[in-house]
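Input: a single structure, listed below in structure tokens.
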Amino acid sequence: MGAESAVWNTTGGVLYHDIEIPQLTAKPGSPSLESRFFADDGLWREAPMLTGQVSFEPLPDVRNILVTGGEGFVASWLVRHLVTKYPQAYTVVSFDKLDYCSSRHNARMLESRPNFHFVHGDVTNDEDVVDCLKRYRIDTIFHLAAHTHVDLSFGNSKSFTKNNVLGTHVLLESAKDVGTVKRFYHISTDEVYGEVKTGQGDLKEHSLLEPTNPYAATKAAAEMMVTAYAKSFKLPTVIIRLNNIYGPHQYPEKIIPKFTNATMRRMPLFLHGDGKHTRRYLYAGDAADAFDTILHKGRLGEVYNVDSRDEVSNFELATKLLSMFGINDTDSWIQLTRDRPFNDRRYAVDGEKLRKLGWTQRTSFDDGLAATVEWYAKFADWWGPVDNTLLAAFPVVKGGHVVKPEASRMIEKEAITGADDHTAVAGGGPDHNGEAVSNKRKLERMGPEDIAGADEHTAPGVGRDNVNGEAISKKRKVELMLSEDMADV
Ligand SMILES: NC(=O)c1ccc[n+]([C@@H]2O[C@H](COP(=O)([O-])OP(=O)(O)OC[C@H]3O[C@@H](n4cnc5c(N)ncnc54)[C@H](O)[C@@H]3O)[C@@H](O)[C@H]2O)c1
């Protein structure tokens with residue numbers, strides 16, 4: 001094992017420069033053989049070790065913890081937290097199929113530690129799961145692996161059912177069969193309750209589940225399987241439902257990292273609908289603390305909400321982020337788009353039950369957002385190229401890549417060509433795809449000569465190259481977008 005050079009970092013962590021990590025290769029026939037997951041560009045060495053803040057007396061009956069989805073956003077916070085806070089007591093296995101939204105960088109700084117292991121596997125595959133449970137003699141499971149992006153779930157809902165419902169079922173069945181699992185923590189979301197109207201009280205854990213979008217429905221369905229296994233097979237389970245989580249290490253498809261990265265790259269921010277939908281935001285370090293508190297102080301068989309004080313509308317959030325980059329001319333940068341097929345106005349859960357265990361939200365929204373923006377400014381290349389995600393109001397995933405659907409490209413091209421017609425929001429009627437007809441017609445009319453004829457002036461929001469910060473012409477930007485689309489589809 002190489003020496004670790006500990007350097008204090010402004011984001012509040014420790015930097016690791018000299019760790020030697022074992023070379024891992026993709027499993028033959030595995031879901032992700034992409035080199036970006038297995039080639040190490042070393043970027044993680046400059047990153048702080050970000051975790052929650054609490055720690056407890058270790059539990060005597062917990063030794064080997066499986067965290068599914070451990071290379072994704074929220075789970076990687078939990079993995080780093082458990083590995084570093086309990087180095088003698090707990091061994092942690094991060095199990096992940098390495099989907100497009102994950103990054104080995106998220107836990108690479110742990111890979112030289114004896115109490116950390118990474119397993120490349122799929123929760124929908126019985127063999128992968130049973131093999132892992134047996135090999136590491138798992139006694140505790142935190143199940144976070146899921147398809148998580150609501151926008152994608154409208155167009156690709158069966159893959160959400162497969163990964164979220166079947167995946168949970170396979171994990172439960174495997175845990176039952178293997179017989180060593182004494183604790184099963186299932187991570188869920190406030191979205192399972194559905195929309196909470198303004199003025200309506202915050203929802204307690206026993207409130208009705210009324211999901212309104214396919215992602216939330218699969219999360220609610222997965223909960224039903226968990227409850228069934230607890231009742232039928234006495235599997236010791238806990239369900240944890242959290243507000244929106246944000247912070248460093250999140251793939252830039254969700255609103256905070258997406259808008260941060262788009263602003264950094266001088267790209268427009270696409271807001272769904274009227275932009276007035278609100279969400280409550282909890283910093284990822286506070287979420288890690290909530291998991292740790294529930295593990296050590298919670299009761300098996302219970303459901304816990306994890307809530308936040310900070311409720312912010314999407315428009316307020318976009319404005320706040322722009323102002324953090326010194327941009328006050330919001331009209332030039334924010335583009336309203338059509339809304340989701342259904343978009344819950346707000347969510348509101350009551351986390352009093354968890355607070356009684358001693359957990360508290362420690363990070364204010366302003367502090368958390370500042371730390372998040374600072375981190376993304378330093379680690380813009382964490383996931384490799386992400387323009388297709390940033391430049392699409394409604395991205396889709398095909399073959400493990402994010403691609404921009406035709407509908408999004410129309411709106412984007414309008415932004416890029418600096419068109420004066422904002423009918424995507426305010427004007428022409430929607431066509432069968434829900435897009436503004438006048439935009440569509442205009443873009444259909446747009447031929448290569450239009451692109452070639454675009455002038456060399458930079459447009460607000462799209463005037464800089466995303467990598468080098470160099471000035472880039474509208475013409476070049478459109479050419480780049482088109483070539484990326486061709487390559488990915
Ligand atoms: N991010 C939030 O705001 C939030 C809020 C509440 C609850 N949650 C829940 O927390 C969990 C993690 O969310 P996130 O935002 O970190 O997601 P994410 O999309 O960042 O990460 C998901 C991870 O799961 C992995 N994964 C997906 N399908 C898999 C499979 N079949 N087998 C193995 N690994 C698989 C992916 O590769 C990825 O690493 C999810 O269950 C989500 O529903 C998230």
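Tabulated data for the structure shown
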| quantity | calculated |
| --- | --- |
| Residue within the stretch 244-265 that is closer than 21 Å to residue 186 by Cβ and among the aromatic types (Phe, Trp, Tyr) present | no |
| Criterion (in contact with a strand residue (DSSP E or B) (Cβ under 8 Å, 6 or more places away or on another chain), surrounded by 20 or more Cβ atoms within 10 Å (Cβ to Cβ) and either in contact (Cβ under 8 Å) with a residue 60 or more places away in the chain or not assigned by TED's automatic domain parsing to the domain that holds residue 156 (or both)) met by exactly one of 218, 263 | 263 |
| Condition met for residue 326 (out of contact with any Pro (no Cβ under 9 Å at 6 or more places or on another chain), not assigned by TED's automatic domain parsing to the domain that holds residue 65 and not aliphatic (A, V, I, L, M)) | yes |
| Residue that is assigned by TED's automatic domain parsing to the domain that holds residue 291, among the hydroxyl-bearing types (Ser, Thr, Tyr) and in contact with a strand residue (DSSP E or B) (Cβ under 6 Å, 6 or more places away or on another chain), where the choices are 90, 86 | 90 |
| From the options 218, 227, residue that is modelled with pLDDT of 95 or more and more than 23 Å from the chain's Cα centre (by Cα) | 227 |
| Residue match in the stretch 196-213 (condition: over 24 Å from the mean Cα position of the chain (by Cα), in a helix (DSSP H, G or I), farther than 17 Å from residue 238 by Cα and in the same structural domain as residue 74 (by TED's automatic domain parsing)) | no |
| Leading residue by the ranking (surrounded by the fewest Cβ atoms within 10 Å (Cβ to Cβ)) among those in the stretch 245-260 that are part of a helix (DSSP H, G or I) and of a type in the set (A, V, I, L, M) | 255 |
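Residue-by-condition table, conditions (1) surrounded by fewer than 24 Cβ atoms within 10 Å (Cβ to Cβ); (2) at negative phi; (3) in contact with an Asp or Glu (Cβ under 8 Å, 6 or more places away or on another chain):
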| site | (1), (2), (3) |
| --- | --- |
| 66 | no, yes, no |
| 70 | no, yes, yes |
| 81 | no, yes, yes |
| 86 | yes, yes, no |
| 90 | yes, yes, no |
| 106 | no, yes, yes |
| 111 | yes, yes, no |
| 115 | yes, yes, no |
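Yes/no matrix, rows are residues, columns are (1) within 30 Å of residue 184 (Cα to Cα); (2) in contact with a Leu (Cβ under 6 Å, 6 or more places away or on another chain); (3) at pLDDT below 65:
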| position | (1), (2), (3) |
| --- | --- |
| 13 | yes, yes, yes |
| 16 | no, no, yes |
| 22 | yes, no, yes |
| 37 | yes, yes, no |
| 47 | no, no, no |
| 64 | yes, no, no |
| 72 | yes, no, no |
| 80 | yes, no, no |
| 84 | yes, no, no |
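The values are calculated or read from the model by the stated rules, or taken from the named source; none is laboratory data. These figures come from a predicted structure and were not determined experimentally. Note that each Cβ is placed from the backbone with ideal geometry, even for glycine, and that neighbours are counted across all protein chains shown.
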